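J.: Here's a structure for you.
Please treat every number below as a calculation from the coordinates, not as lab data. Predicted model only: the values in this text are computed from it and were never measured. Glycine gets a Cβ as well: all are built from the backbone with ideal geometry, and neighbour counts include every protein chain shown.
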Amino acid sequence: MDNTFLIYGANGYTGELITRFAADRGLKPTIAGRNEAAIKPIAEKYGFDYRIFALDETEKLDAALNEVAMVLHCAGPFSLTSKAMGEACLRTKTHYTDITGEIAVFEACAAADQKAKEAGIMVMPGVGFDVVPSDCLAMHLKDRLPSATDLTLAWYGMGRMSHGTQATMTMNVGKGGAVRRDGKIMPVPAAWRTREIDFGNGVVKTGVTIPWGDVSTAYHSTGIPNIEVYSVIPGDGIRLMKISRYLGWLLATKFVQKYLQRNIPPGGPSDHERMRGKTLLWGEASDDGGNRVEARMQAPEGYTVTAVAALNIAEKILAGNFTPGYQTPAKAYGADLILEIPGVERQDIN
């Protein structure tokens, strides 16, 4: 087994961005996907080895994983793809990372904790924008208030979404929201709550509850039992989320899904758009005694954060810096992991 890693889904928007950043760092990953016509030109461009296989081609999948120390899984929607890749990593004793933001995937990976420990591998979904910045902010707040019982996180992304992100969101439209109460994930209606969020520097926006990955991961990182996550939704998004409470059954039908998916524009933000974009985060933790701490964070645009964070974590794993079992980014590497990314600033408010 070589001390390198596999990027699966390297022809997707985020996978290709990560591949390019890996080349810039002088890393030598093997890239892979199921479409040779899409993967081969990328491999030739950067001088990387490549493998072609679908996730149901078990023999080819296992053979590719046996050549590397870890996989960075970038082919979503992860609710459809992570199980096959994760099980292959357990079989081949290969570290598993991905860039998901889906609660169900985080919880499934957490359920594999003991199997991962027995295999001697680390399983860490969500090594990108989902959920490294918010997970680190959650841990930072917990470090400031160890007695915290309630955690609220919010983010405001100023940038365009990729095709893959929109495809995943479209697939989950109508499924409602989620929060954590008393340590348990609880389903709630879409756009269950709204609140005004002060992101600093005069940026005050209306946030709405969303089923973001931190509803799962922040609990595993901090042990805080009550968690809500808010996002700033542009335009008529909140109204449409509320409408989805009643039309979710229709939006989930194969005919409507096929129509919606077909109309998602390809690609993602350009390099210029990424350079101009940025992400603002805010968090608050409180306890039963009335104590409260608050912090803000500013980070680069989300896809840039994903590429840099994922590769930072890959380099740590390849250097032998890992803990077997299911891990979250902040649990494994601490609240300051996010500060390793250029352009990230964190501010304590009180």
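J.: More than 12 angstrom separation, counting every C-alpha pair in the range 49-90; what % is that? Working shown, then result.
T.: Numbers: 509 of 861 pairs.
Roughly 59 percent, rounded to a whole number.
J.: How large is ³J(HN,Hα) for each residue in the range 323-340, as worked out from phi by the Karplus curve 6.51 cos²θ - 1.76 cosθ + 1.60 (θ = phi - 60°), to whole Hz, x for Gly and Pro?
T.: With coefficients 6.51, -1.76 and 1.60, one gets 10, x, x, 6, 9, 9, x, 6, 5, 7, 10, x, 5, 8, 3, 5, 6, 6 Hz.
J.: Same structure again: Could you grab the relative contact order for the chain? Cα pairs under 8 Å, six or more apart, rounded to a whole percent.
T.: Details: 746 pairs, mean separation 74.8, N = 350.
Reported as a whole number, the value is 21 percent.
J.: Tally the DSSP beta bridges in the chain and give the antiparallel ones as a percent, rounded to 5.
T.: On the way: 36 of 61 bridges.
Bridges in the chain that DSSP calls antiparallel: roughly 60 percent.
J.: Among V305, V131, which comes first, second and so on when ranked by fewest other beta-carbon atoms within 10 Å? Show your work: numbers first, answer last.
T.: Numbers: V305 24, V131 31.
Listing V305, V131 from fewest to most nearby Cβ atoms yields V305, V131.
J.: Sticking with this structure for a sec: Could you put L72, L65 in order, starting from the residue whose Cβ has the fewest other Cβ atoms within 10 Å? Don't jump to the answer; show the numbers that get you there.
T.: Details: L72 29, L65 25.
Sorted ascending by nearby Cβ count, the order is L65, L72.
J.: Sort Y219, Y156 so the one with the fewest other Cβ atoms within 10 Å of its own Cβ comes first. Can you show the working numbers first?
T.: On the way: Y219 22, Y156 19.
Least crowded to most crowded, the residues run Y156, Y219.
J.: Another question about this same structure. Between 0 and 90 degrees, rounded to the nearest ten: what's the tilt of helix 163-172 against the longest Cα principal axis of the chain?
T.: 60
J.: When percent of Cα pairs over 31 Å apart is calculated directly from the model, which label among [x] 30; [y] 53; [z] 65 fits?
T.: Only one listed value fits the structure, namely [x].
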